[in-house]
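FYI, it's all coordinate maths here, none of it is from the lab. From a predicted model like this one, the values you see are computed outputs, not experimental measurements. In this analysis, Cβ positions are derived from the backbone assuming ideal geometry, glycine residues included, and neighbour counts consider all displayed protein chains.
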Amino acid sequence: MRLIRQILNSLRNKIHQKRVLSSQNTSALNKDGDNLLVCDDPIIPRLRELCINFTSKCKLKCTYCSAGKDGYQGFDITEADADILFEFIKKNNVRSVVFGFYGDTLESDLWSKYANAILDLGITCRIHTALYRQLTSDEIKALSRFSTIATSVDTPDRLKQAHIRKGLDLRTLVYNIHLIKSYALLNHQKLPIFEFNCVYTDHVAFDLCNLITFAHSIGINSVSATDFCDFEQFETPYQSVLSLNHAEIISIHSHVKKAIDIANFLDIKFDFQFLDSLNRAAMGEKLSSQDPYKSNMYGNVSFYANTLRANQTRLCIKPWDNVSITPNGEVFPCCTYGENLGKISGYNSLESIFWGDKFNRLRKALLNAENLPIYCKNCQAAPACSTSELADTLKIATTN
Ligand code: SF4
């Protein structure tokens, strides 16, 4: 039975890949020998990155997250599914692997075994993790091999931070960062890039400049700020800065501009992800919050959408080069898409999902700016652009 299933699966994969290839004329290996497809039709997927969520468990207990509520129970990936993903990575020449987009990877017992095996293949690995408790020596060793380590920090104010993310003590986090760096230095390894990811609310709005100087002082290379998403089911004491009155928005806007100048001066990469929306609000445009809808695996959220004008699409190549998998095998094009595009099972391989109809429909929708799913329409992660800009970006991405 198992053998028949494997044969059927393999046949199905071949049919899917053949269908993609036959709809184009050309395929090629790129200069690194990757099995990338190169041709004029930008619909061809060029998988580069796999995001694995080893667990949906998290002990950070963020005030505004379902995973922070009493009674929340996360779950882990099974070893069988982790094996499938590992084989997929090897077979498809995946260039980079991201660990954890919801949940804290380090809460899974399996993560370091697979992380080390993937790193041994020479694949670039990035991780988003909480660093909220003192790390073990094995964890430090594995983490020191990552190219990028991102962690959630909203403010340098330790007590305020512990109020927002109840499990987080900044002193432990900073200590862990130094342990990882010193291990890497001791072993002549390249230092990982460290990133702070801030959820930017009214509560931390004026801490941003100080967050950047704090980051610089401990050798953090990159800071990002995202708008606050309101979970429908929770009362939270915070709100999006875009919901404030115009005078407050003006003063926050000028603080953000100052933060950008400081980051430039200190040579820190700073990505304020909803700058366009904040600029528009500062100019007096009344932005409106979306009605709540399922935006990710944790539930319904509402937020101030980064809206599109007629005929605009998103400058996003994720559905072409990225695939994200939750611990129960659900497959998404990115971490902000509220609906899975398939689930890995005995009959449904990751290949057949990634090269399948649902992914292709999404790619066509983005390319043509037609029938865009609500997640892409409202996406905060990708700026608006014209369809030709997206097509050009895809062509460049093919050859690089
Ligand atoms: S939700 Fe955003 S990041 Fe995800 S596929 Fe759509 S545009 Fe891209």
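Side notes on the structure shown:
- Qualifying position, being within 21 Å of ASP202 (Cα to Cα) and hydroxyl-bearing (Ser, Thr, Tyr), among SER289, SER349, SER386, SER324: SER289
- ASN245 being within 29 Å of PHE194 (Cα to Cα), of a type outside the set (Phe, Trp, Tyr) and surrounded by fewer than 13 Cβ atoms within 10 Å (Cβ to Cβ): no
- Residue check for PHE196: within 22 Å of the chain's Cα centre (by Cα) and either buried (at least 22 other Cβ atoms within 10 Å of the Cβ) or not in a loop (DSSP other than H, G, I, E, B) (or both): yes
- Wholly enclosed helices (runs of 4 or more DSSP H) of segment 213-326 bearing at least 2 residues under 25 Å from GLU49 (Cα atoms) and out of contact with any strand residue (DSSP E or B) (no Cβ under 9 Å at 6 or more places or on another chain): 318-321
- Of the residues SER324, SER386, SER352, the single one that is within 20 Å of PHE88 (Cβ to Cβ), hydroxyl-bearing (Ser, Thr, Tyr) and either surrounded by fewer than 19 Cβ atoms within 10 Å (Cβ to Cβ) or more than 13 Å from the ligand (Cβ to nearest atom) (or both) is SER352.
- Looking across segment 266-321 at every residue that is surrounded by fewer than 16 Cβ atoms within 10 Å (Cβ to Cβ) and basic (Lys, Arg), the one that is nearest to the ligand (Cβ to nearest atom) is identified as LYS294.
- Pick from segment 327-349, criterion touching a helix residue (DSSP H, G or I) at 6+ places or on another chain (Cβ under 9 Å) and assigned to a strand (DSSP E or B), ranking: nearest to the ligand (Cβ to nearest atom): VAL331
- Restricting ILE177, ILE164 to those that are β-branched (Val, Ile, Thr), under 20 Å from PHE228 (Cβ atoms) and in contact with a strand residue (DSSP E or B) (Cβ under 8 Å, 6 or more places away or on another chain) reduces the list to ILE164.
- Breaking point among (1) more than 10 Å from the ligand (Cβ to nearest atom); (2) not in a loop (DSSP other than H, G, I, E, B), for LEU362: (1)
Residue by residue, here is whether (1) in a helix (DSSP H, G or I); (2) without any contact (Cβ under 8 Å) to a residue 40 or more places away in the chain holds:
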position	(1), (2)
PRO45	no, no
CYS51	no, no
LYS57	no, no
TYR64	no, no
ALA67	yes, no
TYR72	no, yes
ILE89	yes, yes
ASN93	no, no
GLY103	no, no
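- Residues located in segment 94-141, provided they are small (Gly, Ala, Ser), surrounded by fewer than 16 Cβ atoms within 10 Å (Cβ to Cβ) and farther than 17 Å from THR78 by Cα: GLY122, SER137
- Residue within segment 372-392 that is more than 30 Å from LYS286 (Cα to Cα), in contact with a Leu (Cβ under 7 Å, 6 or more places away or on another chain), outside any strand (DSSP E or B) and acidic (Asp, Glu) present: no
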